[in-house]
1. Computed from the mean reciprocal separation of all distinct C-alpha pairs, what Kirkwood hydrodynamic radius does the stretch 24-86 have, in Å?
2. Between Ser37 and Met90, how high is the FRET efficiency from 1/(1 + (r/R0)^6) when r is the Cβ-Cβ distance and R₀ = 22 Å? Nearest 0.05.
3. Between Ser8 and Glu55, take the C-beta separation as r, use R0 = 25 Å, and let me know the FRET efficiency to the nearest 0.05.
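Since every read-out is calculated from the coordinates, none of them should be taken as a lab result. Keep in mind that this is a model prediction, so the values were computed, not measured. Note: ideal-geometry Cβ built from the backbone for every residue, glycine included; neighbour counts use all protein chains shown.
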Amino acid sequence: MTETYRGSIASRLGVNMYEIDEGNPHIVVDQDAVRASGVAPMLERICPAHVYSVEADGTLSAEWAACLECGTCLALAPEAVSWRYPAGAMGVVYREG
């Protein structure tokens with residue numbers, strides 16, 4: 001029988017497992033491009049894993065270790081976000097079901 005996860009998005013994302021490649025982020029934010037394009041609030045809203053946060057000073061931070069590797073940020077703002085898949089066997093650990 002398949003287990004169903006109920007609850008908030010945050011609680012469901014909390015059961016994900018990640019293999020973290022410390023010191024080797026797969027997301028790099030170009031702050032100049034973010035400021036020029038004004039895309040920060042949209043990136044913060046559109047990311048299903050809530051990886052992006054707009055800071056008080058207007059910069060965009062990325063908690064890349066929580067990334068689901070969907071590529072939505074790259075599709076939205078290729079000029080502002082440098083995104084690639086993590087190194088082999090790193091990143092989110094997908095599970096069946």
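1. Computed over the stretch 24-86, the radius equals 11.4 Å.
2. 0.15
3. Here the calculated transfer efficiency is 0.60.
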